[in-house]
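Structure first, commentary second.
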Amino acid sequence: MDEKKQGGSELMDKIVSLCKRRGFIFPGSEIYGGMANSWDYGPLGVELKNNIKQAWWKRFVQERGDMVGLDAALVMNPKVWEASGHLKNFTDPLVECKKCHNRFRADHIEGKTCPDCEGELTTAKQFNLMFKTFIGPAEESANVAYFRPETAQAMFVDFRQVLETSRKRIPFGIAQIGKAFRNEITPGNFIFRTREFEQMEIEYFIKENDWQKSFEYWLAEMYEWMNYLGLSKEHIHNLEVPDGERAHYSKRTVDIEYDFPFGKSELYGLAYRTDFDLKNHSNSSGVDLVYTDPESGEKYIPHVIEPTFGVDRSVLAVLVEAYCEEEAPTTKEGETETRVVLKIPKHIAPIKVAILPLSKKEELSNVAKEIYKEVSRNFFAEYDETQSIGKRYRRQDEIGTPYCVTVDFDSLEDKKVTVRDRDTMEQERIEIKELVNYLKNKF
Ligand SMILES: [Zn+2]
């Protein structure tokens with residue numbers, strides 16, 4: 001392992017440990033010994049994740065006139081997966097070691113022997129990634145159903161209803177945020193590849209001739225979004241997926257990769273799905289999913305550009321990008337210590353403002369609690385009066401809180417508080433009655 005990779009796994013360990021220690025993300029079912037590859041978002045993680053989802057929804061649905069939302073069922077009629085090709089094609093090649101019986105994805109291992117014990121491997125067989133379940137009490141093949149392996153299909157299956165009720169005209173899109181399930185053979189890298197994950201997905205319906213223009217447009221939109229998340233351009237790379245490696249429905253796919261600590265890996269994807277899905281669902285359901293141009297009267301099956309954004313991968317990329325260790329002065333003159341700070345963009349930080357009275361004395365906490373009440377009406381805030389002020393600053397730095405408001409004994413006299421900036425650590429005295437406006441300007 002080279003030095004860079006070692007540094008990478010060390011960074012990854014630090015992020016996983018911070019996430020657990022501070023309540024962003026912890027192993028699922030831990031009191032029962034956990035469950036492989038299951039992660040729960042704790043109090044701060046759920047805030048960060050929700051902020052990302054809400055910002056995405058606002059940007060791509062609410063602020064545009066050409067997009068509508070959808071929230072469809074997780075378990076759909078199995079005929080959907082027959083028509084979409086998932087029953088037949090959504091597979092990975094699986095090999096098993098004849099000696100230690102560990103299983104691997106054939107395309108993920110380099111040699112011809114088991115990476116764990118060098119034992120002989122079976123020949124690869126195709127393994128379908130969909131999670132199977134049964135509807136109702138009888139576990140019979142007639143009752144088999146699947147958890148959706150992608151959110152996309154509902155946007156095609158509901159296309160006609162959305163079109164009729166929203167009265168949108170081409171070009172327009174349907175957006176959805178929701179969970180999807182894939183029975184991955186080798187999940188891993190924390191929340192990067194999990195069997196249960198969340199997607200933010202758009203199906204953008206166009207005329208066939210416009211596909212190249214629309215593809216480039218959406219690629220640019222995705223870059224603006226990554227910029228909003230604070231991901232720096234140097235860490236983002238486009239991978240043009242070559243013929244033969246694309247999903248069965250796609251005519252062009254660009255994987256947007258990010259420099260994760262464990263290596264360059266797919267963050268988002270953009271695919272031109274042609275009219276594959278609507279055509280197949282038309283044929284398979286017998287319901288005509290054609291679009292009639294209201295002006296020319298022309299009838300056609302729309303083509304589709306699909307930008308896909310992994311929610312969990314967004315969270316992970318934001319954490320990786322935001323994680324910083326830097327030398328900071330302590331309260332003792334001339335001394336420094338390493339501070340860990342999550343420089344999460346302010347607008348998606350889990351907690352926006354922390355209210356910190358210098359001591360637990362009642363005269364201070366009375367004032368501080370009033371301030372907390374007022375600030376909370378405008379920003380998600382936290383009130384914390386335990387431990388030394390230095391330790392409380394470090395904690396807020398570690399969870400990425402952009403502003404700390406300190407209430408001290410001078411506050412009782414001059415009616416001012418100290419506002420500390422997370423990134424610069426600069427402090428400013430602000431009048432209490434001006435505080436909310438001051439913070440509003442900062443966000
Ligand atoms: Zn083995």
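Any read-out appearing in this document is the output of simple, stated calculations on the displayed coordinates, not a laboratory observation. Keep in mind the model is a prediction, meaning the values are calculated, not measured. Reconstructed Cβ throughout: ideal geometry from the backbone, glycine too, with neighbour counts over all protein chains shown.
Computed values, structure above
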| item | result |
| --- | --- |
| Whether region 351-442 is rounded, prolate or oblate, judged on the alpha carbon gyration tensor where a/c under 1.5 counts as rounded | rounded |
| Region 139-155-region 219-282 distance, computed between alpha-carbon centres (Å) | 25 |
| Charged-residue dipole, Cβ positions (Lys, Arg, Asp, Glu), the chain about Cα centre, Debye nearest 20 | 760 |
| Cα gyration tensor category, rounded, prolate or oblate, for region 104-251 with a/c compared to 1.5 | oblate |
| Length added when fully stretched, E82-A124, from 0.36 nm per residue minus Cα-Cα | 12.8 nm |
| Selected from F24, F104, F260 as most flexible by GNM, with the chain as the system and alpha-carbon contacts under 10 Å | F104 |
| Value of relative contact order over the chain, rounded to a whole percent, pairs C-alpha under 8 Å and six or more apart | 13 |
| Gap separating the Cα centres of region 325-369 and region 54-79, nearest whole Å | 38 |
| Environment charge of S250, counting only residues whose C-beta is closer than 9 Å and scoring Lys/Arg +1, Asp/Glu -1 | +3 |
| Those lysines that a straight Cα-Cα span of less than 21 Å connects to K14, excepting residues fewer than 8 apart in one chain | K4, K5, K49, K264, K343, K391 |
| Long pairs among K213/K442; K213/K440; K79/K125; K125/K233; K179/K299, criterion Cα-Cα beyond 30 Å | K213/K442; K213/K440; K125/K233; K179/K299 |
| Relative contact order %, region 351-442, counting alpha carbon pairs below 8 Å whose residues are six or more apart | 29 |
| Charge dipole (the chain, unit charges on Cβ, about Cα centre) - positive-most of M130, Q396, Y258 | M130 |
| Label zone at Y300 (point 7 Å along Cα-to-Cβ), backbone N below 19 Å, region 266-293 | 272-283, 288-293 |
| Using alpha-carbon coordinates, inclination of helix 43-57 to the longest axis of the chain, degrees | 60 |
| Pairwise FRET efficiency - H108 versus V290, Cβ, R0 = 41 Å, nearest 0.05 | 0.50 |
